[in-house]
Amino acid sequence: MSRAIGVIDSGVGGLTVVHELMRQLPKESLIYLGDTLRCPYGPRPEDEVKKFTWEMADFLVEKNIKMLVVACNTATAFTLEELQNQLSIPVIGVIKPGARAAVKFTKNTHIGVIGTEGTIRSSAYTKALKSISAHLCVNSLACPLFVPMVEQGVLSGIEAEKIVEQTLLPMKKQNHIDTLILGCTHYPLIKDTIQKVIGGQVTVISSSEETAREVSTILEFYGQLYNGTSSPGHRFYTTGEMGVFAKITEGIFREATDYFQSVTIEKASLPY
Ligand code: DGL
């Protein structure tokens with residue numbers, strides 16, 4: 001069996017990146033860890049996010065992963081550089097891939113970014129976007145109610161629409177942006193609701209596709225893409241309630257039942 005790609009997130013949001021990795025790299029085995037018990041990371045201080053992210057990274061490094069994907073924007077914003085400097089395997093986050101995707105799509109150079117309080121406070125997207133082009137105009141907005149809503153499995157319907165509508169109102173009023181980055185890996189799960197509220201004229205993008213492409217490029221560069229004939233086996237770990245995690249996982253992989261059959265879900269405990 002080949003070494004797996006490790007993916008970490010504060011909860012279920014990183015599964016949107018896993019979904020894309022399974023689609024683009026169907027031969028690779030994945031190990032996912034969602035720290036559902038301590039989710040959300042968004043409102044937490046930087047030091048705490050760093051500590052939790054390192055605990056997740058160590059848990060997966062123990063499992064001999066060949067690469068680490070930090071599929072959480074908040075964890076990426078605060079910890080990516082440290083992980084890249086200190087781990088001996090390649091590590092990537094989701095912010096730079098998301099910024100690159102947005103730059104490809106925008107025509108009027110006005111880009112919106114929505115994310116957790118931590119991600120928006122860190123200005124990581126603004127820095128990543130401006131490093132691509134200093135002329136971009138970036139409009140950022142923290143959306144603290146979205147993650148709890150997603151973790152409860154509320155993804156659409158009147159309740160979801162009301163919360164999204166109220167939260168995005170300040171951005172909508174300005175009416176400038178033509179591209180909106182979902183700067184949180186939980187948000188693709190409510191993408192349809194966000195698109196409905198922000199309007200069809202705005203391109204809503206998530207970083208999952210671009211991140212998966214980058215994983216593929218890096219593994220190819222290091223000659224570490226799996227090219228054997230064994231079927232992949234995926235292991236998903238959660239620190240929280242197994243039932244809720246399994247329900248949301250099933251929802252995300254509904255259309256990919258063949259992939260889902262190769263997944264086992266287990267409970268993980270991290271040193272608290
Ligand atoms: N998945 C996290 C992110 O992308 C959001 C959830 C949280 O606040 O922990 O920022």
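The values are calculated or read from the model by the stated rules, or taken from the named source; none is laboratory data. Computed from a predicted structure; not experimentally measured. FYI the Cβ positions are ideal-geometry reconstructions off the backbone, even for glycines, and counts take in every protein chain you see.
Things worth noting here:
- Residues (within 8 Å of the ligand (Cβ to nearest atom), over 8 Å from G118 (Cβ atoms) and hydroxyl-bearing (S, T, Y)) located in the range 34-51: none
- Residues in the range 189-208 that are surrounded by fewer than 18 Cβ atoms within 10 Å (Cβ to Cβ) and on the phi < 0 side of the Ramachandran plot: 6 in all.
- Matching entry among V113, V150, V164 (being within 16 Å of the ligand (Cβ to nearest atom), modelled with pLDDT under 95 and of a type outside the set (D, E)): V150
- Taken together, I111, I65 contain a single residue that is farther than 22 Å from R44 by Cβ, out of contact with any Pro (no Cβ under 8 Å at 6 or more places or on another chain) and either outside any loop (DSSP other than H, G, I, E, B) or among the basic types (K, R) (or both), which is I111.
- First in the range 115-130 and in contact (Cβ under 8 Å) with a residue 24 or more places away in the chain, second anywhere and of a type in the set (S, T, Y) and assigned to a helix (DSSP H, G or I), Cβ under 6 Å, 6 or more apart: T116/T74; G118/T74; T119/T74
- Here the condition is being surrounded by 20 or more Cβ atoms within 10 Å (Cβ to Cβ), over 16 Å from the mean Cα position of the chain (by Cα) and in a helix (DSSP H, G or I); of L37, L83, it holds for L83 alone.
- Counting residues in the range 225-239 that are in contact with a strand residue (DSSP E or B) (Cβ under 8 Å, 6 or more places away or on another chain) and free of Cβ contacts under 8 Å to residues at least 60 places away in the same chain gives zero.
- Some residue of the range 127-145 being small (G, A, S), modelled with pLDDT of 95 or more, surrounded by 21 or more Cβ atoms within 10 Å (Cβ to Cβ) and under 28 Å from T249 (Cβ atoms): no
- Residue among T116, T53 that alone is closer than 26 Å to H234 by Cα and either buried (at least 22 other Cβ atoms within 10 Å of the Cβ) or in contact with a helix residue (DSSP H, G or I) (Cβ under 9 Å, 6 or more places away or on another chain) (or both): T53
- Residue match in the range 117-126 (condition: touching a Pro at 6+ places or on another chain (Cβ under 8 Å), outside any helix (DSSP H, G or I) and farther than 16 Å from S10 by Cα): no
- Condition met for F59 (surrounded by fewer than 23 Cβ atoms within 10 Å (Cβ to Cβ), assigned to a helix (DSSP H, G or I) and either hydrophobic (A, V, I, L, M, F, W, C) or within 13 Å of the ligand (Cβ to nearest atom) (or both)): yes
- Search result, residues across the range 40-55 that are out of contact with any Gly (no Cβ under 6 Å at 6 or more places or on another chain) and either in a loop (DSSP other than H, G, I, E, B) or free of Cβ contacts under 8 Å to residues at least 24 places away in the same chain (or both): P40, Y41, P43, R44, P45, D47, E48, K51
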